[in-house]
């Protein structure tokens, strides 16, 4: 969504509140300048929709600044849990609270959590405790898979987390499906559906054929009563038994009166331009500009993005975008590369990317490696983003300098220049060298360089230090993810085939512990002939062994000190962390790390204070 209209709307709304509070607006009111200490009210708005990209967060194709955002997970609507920015993934359904143009809180809201039944790959449907789900292989937001490469791999009884919006025939049109280990049930059960057969006396209602007992449930929002036909989210810690779900929380889909709202989803029912419903919210677009289509396109089931203001419970739209194809919300990823195995298998902001057929700009395919700063455009295909373009972009210099770790390219001794991770670098005779001398430099050597932006504003960094790293022959790659397509000789991770050999070492488990949906960390060598990663080590991460706290994993970036850097774009502080592998000297762009800790507030910015950190490459 283009939120300039929302900002204008909320600014106008805030200004009217200030005038009312000051007694302004009457014909006889004197013109009095406000005291110098009076500040404008903060401009706030809400936006709800599908995550379609990163760099910052893109919701339904439009960018929102996430530089100060905190992340919450709403499995249980009555008890949200803190999370890291790296927990926000492509295809997730989210609500963002925007304060003065920046996301302040981003809440992830799954539609369904529970066991899959009635799986029908031919029709592209399955159910979760009676709620129908349909997958999409094309269209505006194709289904993103994690832990399975397509619906054909889903089995009855698999635990899934489904993101999506409800359409006109009460199906959840899935924008993301995560399969988890079958015994991974600690998060509980969550359902979204239309309420029917309300029995206020007996404190029950139905979602499809499932009876929901809400006698002990928290009802949200406070003060709003249940009614027939409402779109509700229901949470229970245990799976339904004998057709009854004992709810701990029930949340009614409702909009905040008077709020500026951006809303994305599918039209659930359509009466007219002035009377339709999206995501349980009534809309009126009779005064809106319509983009990407016409009134004739506004039918039940059509994906739209709306911007406006809520008045008397109705979203009065200023702008309505018709979303027809993936190009309308074209996926975009910006950040550092991690989990690099081959051009066909890497990650950016946690999303699996296949760049094997992409057009490269600002660098070459040979320079694509862990830590490279890139912007990727493409389209979702199953469990990967198929890159159409890869643009190398300038990394962020924190505190006036930046560290890069990678291979030397385009060495030119006479010009005193080279490239690392596609970044142009220049050294002088005062450059400091460790572990070697300038005469030792050669293309393909692995180095860590420290540089600062050139004073002339060019893209070249002036190098102050070059540290030589031992050059391993055919260094291994480390990747993580959820297992799918498990066979006797290997399995798949998103966008990657993994094989094990006779000498593969299993950590925290054995081969028998592997199952579809379980998380693993794999270290191995890429075999181009087999187009597979042949595993040296496989670390099995069982659900019961999950660390307590907020976990983060991804590329290291924006390193100012051990107390101020990012992992997977999440701000972290590792000043008091215990290192499970590596040490603070490894905190450079080009490395991948994971950690666990607690979210704290540092000068108004949510930071993950790590208790443990581990370098993965």
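Here, each number is a calculation from the coordinates, and none is a lab measurement. Everything numeric in this text was worked out from a predicted model, so none of it was measured. With ideal geometry, Cβ positions are generated from the backbone for all residues, glycine too; neighbour counts draw on all protein chains shown.
What is the gain in length, in nm to one decimal, between residue 183 and residue 508 on full extension, counting 0.36 nm per residue of separation less the C-alpha to C-alpha distance? Present the calculation step by step, with values, prior to reporting the outcome.
Working: separation 325, 0.36 × 325 = 117.00 nm, distance 1.66 nm.
Roughly 115.3 nm would be gained on extension.
Would you calculate, for the chain, the mean residue ellipticity at 222 nm contributed by helices, counting each DSSP H stretch of 4 or more residues as -39,500 (n - 2.57) and dividing by all residues, to the nearest 500?
When only DSSP H runs of four or more count, the value is -1000 deg cm²/dmol.
Any chance you could check the Cα centroid distance between the stretch 205-239 and the stretch 459-484 for me, in angstrom?
For the stretch 205-239 versus the stretch 459-484, the Cα centre distance is 51 Å.
Once the Cα atoms of helix 4-21 and of the chain are each reduced to a long axis, what angle between those two axes, in degrees from 0 to 90 to the nearest 10, is obtained?
The angle comes out near 60 degrees.
What list do you get for 182, 553 if you sort them by fewest beta carbons within 10 Å? Please list the in-between numbers first.
Working: 182 16, 553 23.
Final ranking by Cβ density, sparse to dense: 182, 553.
Please pull out the direction-averaged projected area of the stretch 550-615, using the convex hull of its alpha-carbon atoms, in nm² to one decimal place.
That works out to 3.6 nm², a quarter of the Cα hull's surface.
Hey, what's the Kirkwood Rh for the stretch 112-180 if you take every pair of different alpha carbons, in angstrom?
About 11.6 Å, per the Kirkwood formula over Cα pairs.
Apply 1/(1 + (r/R0)^6) to the Cβ-Cβ distance of residue 379 and residue 209, taking R0 = 45 Å, and write down the FRET efficiency to the nearest 0.05. Spell out each step's value before the answer.
Working: r = 37 Å, r/R0 = 0.82.
According to the calculation, E is roughly 0.75.
Using only the Cα atoms of the stretch 87-236, what semi-axes does the equivalent ellipsoid have when each is the square root of 5 times a gyration tensor eigenvalue? Give whole Å, largest first.
25, 21, 15
Quick check: the distance between the Cα centres of the stretch 310-352 and the stretch 101-135, to the nearest angstrom?
18
State, to one decimal in nm, how far the label point of residue 396 lies from the label point of residue 601, with both points 7 Å from Cα in the Cβ direction.
Output for this residue pair reads 2.1 nm.
Wrap a convex hull around the Cα atoms of the stretch 255-323, take a quarter of its surface area, and give that in square nanometres.
3.6
Relative to the present Cα-Cα distance, how much length would full extension add between residue 529 and residue 289 at 0.36 nm per residue of separation? Spell out each step's value before the answer.
Working: separation 240, 0.36 × 240 = 86.40 nm, distance 5.41 nm.
In short, 81.0 nm is gained.
Quick check on the exposure proxy: order 71, 374, 550 from fewest to most C-beta atoms within 10 angstrom.
550, 71, 374
Give me the one-decimal nm value for the distance between modelled label points at residue 274 and residue 67, 7 Å along each residue's Cα-to-Cβ direction.
Roughly 4.4 nm, to one decimal.
Along the three principal axes, how long is the stretch 354-485 when you take its alpha carbons, biggest first, rounded to the nearest angstrom?
53, 35, 28
Report the FRET efficiency, 1/(1 + (r/R0)^6), for residue 560 and residue 411, where r is their Cβ-Cβ distance and R0 is 22 Å, rounded to 0.05.
0.15
May I ask for the Rg/Rh ratio of the stretch 455-592, computed from Cα atoms with Rh as the Kirkwood radius, given to two decimals?
Ratio value, two decimals: 1.03.
Would you please state which residues of the stretch 182-204 a label at residue 544 would reach in this model, taking the label point 7 Å out along Cα→Cβ and a backbone N cut-off of under 12 Å?
Only 183-184 fall inside the zone, counting backbone N under 12 Å.
Hey, fewest Cβ within 10 Å first, where do 477, 104, 294 land in order?
Lowest to highest Cβ neighbour count: 294, 104, 477.
Tell me, what does the Kirkwood hydrodynamic radius of the stretch 402-468 come to in angstroms if you use every pair of distinct C-alpha atoms?
Values: mean 1/r = 0.0863 Å⁻¹.
That comes to 11.6 Å for the stretch 402-468.
Show me the three semi-axes of the equivalent ellipsoid for the stretch 477-545, from the C-alpha gyration tensor (sqrt of 5 times each eigenvalue), largest first, rounded to whole Å.
The answer is 18, 12, 11 Å, longest axis first.
Alpha carbons only, please: Rg and Dmax for the stretch 354-424, in angstrom.
14.0, 48
Please report, in cubic angstrom per residue, the volume enclosed by the convex hull of the alpha-carbon atoms of the stretch 189-252.
73
Computed FRET efficiency, Cβ-Cβ of residue 364 and residue 452, R0 30 Å: what is it to the nearest 0.05?
Working from the Cβ atoms, E equals 0.75.
Checking a compactness column here: for the stretch 330-392, what do you get for Rg(Cα) / (2.2 N^0.38 Å), N being the number of residues?
Against the compact-globule rule of thumb, the ratio is 0.92.
Residue 499 versus residue 584, label points 7 Å from Cα toward the beta carbon: distance in nm?
4.4
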